[in-house]
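The values are calculated or read from the model by the stated rules, or taken from the named source; none is laboratory data. Just so we're clear, the structure is a prediction, and the values are computed from it rather than from any experiment. Every residue, glycine as well, gets a Cβ built from its backbone with ideal geometry; the counts of neighbours run over all protein chains shown. Note: areas computed on protein heavy atoms with side chains; ligands, DNA, RNA excluded. Shrake-Rupley method; radii C 1.70, N 1.55, O 1.52, S 1.80 Å.
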Amino acid sequence: MPQVVSRPRVEQRLREAIAHSSLTVLHAPLGAGKSSALALALRDRANVVWVDARPWHSGTVAREIAEAIRTVREEFGRATLGAIEGSSAAHLGRLFARELSHVDDDLTVVVDNMHVLGTGDRFFRFVDAAVSEIPDRVKIVAVGRSLPQTPLLRTFARRRVTVLEPELFKLDESELAAFARAFGASTKPEDLAHLAELTEGWAAGAVLALTAPGQTLGVAARSLLNDLGRQNLAFLEDASVLEAIDAAVADPRTLDDLLRRGALLEQTAPGTYRLHPMLRELLRKRLEDRGGLAQAHANAARSYARAGNVAAALHHAESAGDLDAIETLFREHADAIAATGERERIERLGDAVLAANAAAPGAAYVKALLAKAGGSERTRELFAQAADLADRARAGALAFGARAQTLEYDLGRLERVAPEALADLAVRARDLGGAEQVRAAMLAGWSRAVAHDFAGALAVIEPLLNVDDDAAQFNAGILRAYAQTALGDVEGAQRSLDALTARLERGDGIVLQTLTLVWFARLALLWGHTTAGAEAAAQAQRLATALDLHADEAALLAALCELSAHHGNVGATVQYADRARTAGKQAWYEGDRARIEALAGIALARAAFLGHDNAIARDLALRAAAADATPPVQRATALTEACIYVLLCDPPASAGVIAQARAAVAAAVPLDAFDAAALSVADDILAFLDEANGMRHDSLLRGCAPFAGLLEHRRGLVTLELAGVAAGNARRGTTGSTTAFNTAIEMLTREGPRFEAVLVRAYASTFIKTKRAAAPAPPDPSEFDLTARENEILALLVEGLTNKEIAQRLVVSPRTIETHVERVLGKLGVGSRSRAIAKAVRTGLVRLESAVP
């Protein structure tokens, strides 16, 4: 029996609309033949991808679209996929459009069944934003039974959309005749007129009427169903609750038999079949009449769960009203379900499960995950409750997850984790698998790092460095670089971060790549490498902005704030201080949460000093030091810098402030390496003042022994103390002391400008002629000795192209591009594409436009 009849008139109109519009919307009732006509209209068009929307795609259809595009453009979507979780629909749409700017060929994206996504849904806001920016060669076609409402009105106004009304799909006289011929029926005018009256011009009606001539459409449809056989009919009735029939939920032999018997079933993609909508509605009504809807949804939920499609399984379990099935899904897939972002729906389902069974561990765990995402103060309590319920229910994996979350919470709050709790977690992990063992080892490693046992942390995570998983590599690589930094192995830490970034750049780990750059920027501050830190922070900020990423936002803003002060950028220092103060309240790590407010106040004092207002700088620094919430280390920092401000604007008051600063530095104990580095700077400033004023300085650092390696690295070849010796000699008229002072400062800043160097230079200039810090000279491109081809490739890297996309653009092999990229990295002296991009932008080798990361 013919399945599709060509309709040249409709197909031509579809081709015209798609050719002239960025977005084409087809809407017509059930059975109008929209999808069939569109498939025929696009049959000769290259690179057509088809997304069959399902109800559970309501919040994630952008992911489905990106994955579909990757079937024809495998390198597409790295940034879009990275931004899906937590990003606004409009932001995601704009990013999607910018990524499409690198697609050189024509591309058509069809989203069928759009009505199941709901009006005003995230999808339409995504499309509205994307359509305003997608290149002309990319077309989006949305197909459904109803027209979306207000979210697309802006797109309509921009005239980049064509809406095709239902009347287009009604069969005219010639098309009715073509249908009749295809079925071997009469084409006499009177018979065609009767057919038009019977079907009202809809294709599905014509198919059914011609299948069983002389019968009403309802009788014809029932007759067609009865011809399929009892077993097949029962299967189709159950399948009527599905938007599409996946091979994952159907026996392939049953599908083959249905196709042989002439069922109105078509394959829309490998392994996916669609039952004709009119027939599906009839089957669904039969199922409903016999009270089988709930059971069919329950069966679908189990089948999708076995196939690993958690979103589909949850949708059908909810439709079935099966709280036991929902709880089972929560138990087995809690993290994946919580990550879908459908917070309100998941919370509602979890509450329903707990109302029916207060001891349901899956729902309790999901509730704790949502509390964590929302920053609730009850997070730990809820995870602890979920862990106890899971133990009682003998849900081993869930109990492990809840206990791991509890320990993570404690570590983030700098609570001491009992060794027996870590040992218990390790035992539980052995019974579960590799991922759990990695997680247990990571918690053990961070527990040692928090206790300042950095060698022990490195020993614990060493086996994890060979685990072939991006998340495991990220967690292990960051801990390794931090521990190496604390031990003073700065080169090792740089290699660790470069290797991690390079690995993540080869896959889709753009979010982890961004977080790695945040860590690079923060650790570079500890190393005293402010230029490399600024490059990494700028690239991290570009990526985070593109991805609408808020994870570790407080840490990034704090690093940007400090780096801006080091580089003398007053406006940026103030801007980042204000933003960091707000973001710091949401920081996961208690160390950051406690100190960022104080760091913001210190940064504002630095900005005032850089703006040549020493009195305001003094007042702001002393206010930050006096605040009750300021931690001891930041109080020491604020008081030490206030010493210089007071010496510059009110010298008689300096003795009291210096005494306070000494006491604060001596009393402070660092929480971590970031605190240790801050204390080392404070002690160095006091050493400078002592030596400049003819006094011997004895280190005031009392609790920094675990960070001796880091402090030794920071001392390096020269310190502020030696600059103070030179300044003191200059005061006493020793020849060459001024030159020695300037040389010491230049050596101190060889890895980039440092705020403390500007601070002491300002004080020393009151009694010697210091050399002003010269602005860095514009880089000479020839310094890097890049060839014309390497410059071209570097520019394409900055645009956001992958190696395969660059190869396609330049018509060479990907291997050739890999060789060129390695040479570019070597000449720029960096270990990853991300750092190459950052350095190219900072040095002006390449101008940054609106590149996609």
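Per the listing 516, 501, 530, 485, the residue uniquely in contact (Cβ under 8 Å) with a residue 40 or more places away in the chain, closer than 30 Å to residue 711 by Cβ, in contact with an Asp or Glu (Cβ under 9 Å, 6 or more places away or on another chain) and polar (S, T, N, Q) is 530. Condition check for residue 636 on (1) more than 19 Å from residue 672 (Cβ to Cβ); (2) modelled with pLDDT of 95 or more: one failure, at (1). Checked against (1) open to solvent by 10 Å² or more (accessible area, probe 1.4 Å); (2) under 20 Å from residue 614 (Cβ atoms); (3) modelled with pLDDT of 95 or more, residue 686 meets all criteria but (1). Restrict the check to segment 53-69 and report whether at least one residue is touching a Leu at 6+ places or on another chain (Cβ under 6 Å) and either more than 30 Å from residue 805 (Cα to Cα) or polar (S, T, N, Q) (or both). Yes: segment 53-69 contains one or more residues that are touching a Leu at 6+ places or on another chain (Cβ under 6 Å) and either more than 30 Å from residue 805 (Cα to Cα) or polar (S, T, N, Q) (or both). Looking across 772, 761, 842, 823, one residue alone is modelled with pLDDT of 85 or more, open to solvent by 30 Å² or more (accessible area, probe 1.4 Å), charged (D, E, K, R) and within 30 Å of residue 621 (Cβ to Cβ). It is 761. Checking each residue in segment 382-417 for being farther than 20 Å from residue 432 by Cβ, aliphatic (A, V, I, L, M) and either in a helix (DSSP H, G or I) or in contact with a Cys (Cβ under 6 Å, 6 or more places away or on another chain) (or both) picks out 382, 411.
Per the conditions (1) open to solvent by less than 10 Å² (accessible area, probe 1.4 Å); (2) under 25 Å from residue 16 (Cα atoms); (3) at pLDDT below 85; (4) not in a helix (DSSP H, G or I), the sole criterion not satisfied by residue 102 is (1).
The residues in segment 401-437 that are open to solvent by less than 20 Å² (accessible area, probe 1.4 Å) and either touching a residue at least 40 places away in the same chain (Cβ under 8 Å) or aliphatic (A, V, I, L, M) (or both) can be counted, and the count is 9. Being modelled with pLDDT under 80, under 28 Å from the mean Cα position of the chain (by Cα) and within 23 Å of residue 52 (Cα to Cα) is the filter here, so list the residues in segment 118-173 that pass it. Answer for segment 118-173, where residues must be modelled with pLDDT under 80, under 28 Å from the mean Cα position of the chain (by Cα) and within 23 Å of residue 52 (Cα to Cα): 118, 119, 120, 121, 122, 151, 152, 155. Residue check: residue 455 meets all listed conditions (1) crowded, with 18+ Cβ neighbours inside 10 Å; (2) touching a Lys or Arg at 6+ places or on another chain (Cβ under 9 Å); (3) over 27 Å from residue 821 (Cα atoms); (4) free of Cβ contacts under 8 Å to residues at least 40 places away in the same chain but one, namely (1). Do we find a residue being among the acidic types (Asp, Glu), more than 45 Å from the chain's Cα centre (by Cα) and at pLDDT 70 or above anywhere in segment 283-297? Yes, that holds for at least one residue.
Can you tell me how many residues within segment 792-816 are part of a helix (DSSP H, G or I) and open to solvent by less than 60 Å² (accessible area, probe 1.4 Å)? So the count comes out to 13. Within segment 566-595, the set of residues being open to solvent by 30 Å² or more (accessible area, probe 1.4 Å) and in a loop (DSSP other than H, G, I, E, B) comprises 567, 568, 569, 585, 586, 588, 589. Does residue 756 satisfy being among the acidic types (Asp, Glu), at pLDDT 80 or above and in contact with a Leu (Cβ under 7 Å, 6 or more places away or on another chain)? It is true that residue 756 is among the acidic types (Asp, Glu), at pLDDT 80 or above and in contact with a Leu (Cβ under 7 Å, 6 or more places away or on another chain).
Would a scan of segment 652-666 turn up a residue that is surrounded by fewer than 20 Cβ atoms within 10 Å (Cβ to Cβ), more than 36 Å from the chain's Cα centre (by Cα) and not in a helix (DSSP H, G or I)? Checked segment 652-666: no residue is surrounded by fewer than 20 Cβ atoms within 10 Å (Cβ to Cβ), more than 36 Å from the chain's Cα centre (by Cα) and not in a helix (DSSP H, G or I). Kindly establish whether residue 60 is closer than 24 Å to residue 551 by Cβ, of a type in the set (Ser, Thr, Tyr) and in contact with a helix residue (DSSP H, G or I) (Cβ under 6 Å, 6 or more places away or on another chain). Judged against the criteria, residue 60 is not a match.
Answer with yes or no whether residue 675 is buried (at least 22 other Cβ atoms within 10 Å of the Cβ) and under 39 Å from the mean Cα position of the chain (by Cα). It is true that residue 675 is buried (at least 22 other Cβ atoms within 10 Å of the Cβ) and under 39 Å from the mean Cα position of the chain (by Cα). Can you confirm whether segment 466-473 contains a residue that is assigned to a loop (DSSP other than H, G, I, E, B), touching a helix residue (DSSP H, G or I) at 6+ places or on another chain (Cβ under 9 Å) and either open to solvent by less than 10 Å² (accessible area, probe 1.4 Å) or not hydrophobic (A, V, I, L, M, F, W, C) (or both)? The answer is yes; a qualifying residue exists. When the residues of segment 278-291 are filtered to those that are out of contact with any Asp or Glu (no Cβ under 7 Å at 6 or more places or on another chain) and open to solvent by less than 60 Å² (accessible area, probe 1.4 Å), the one that is nearest to residue 343 (Cα to Cα) is 280. Taken over segment 250-277, the criterion of being open to solvent by 40 Å² or more (accessible area, probe 1.4 Å), at pLDDT 70 or above and outside any helix (DSSP H, G or I) is satisfied by 251 alone.
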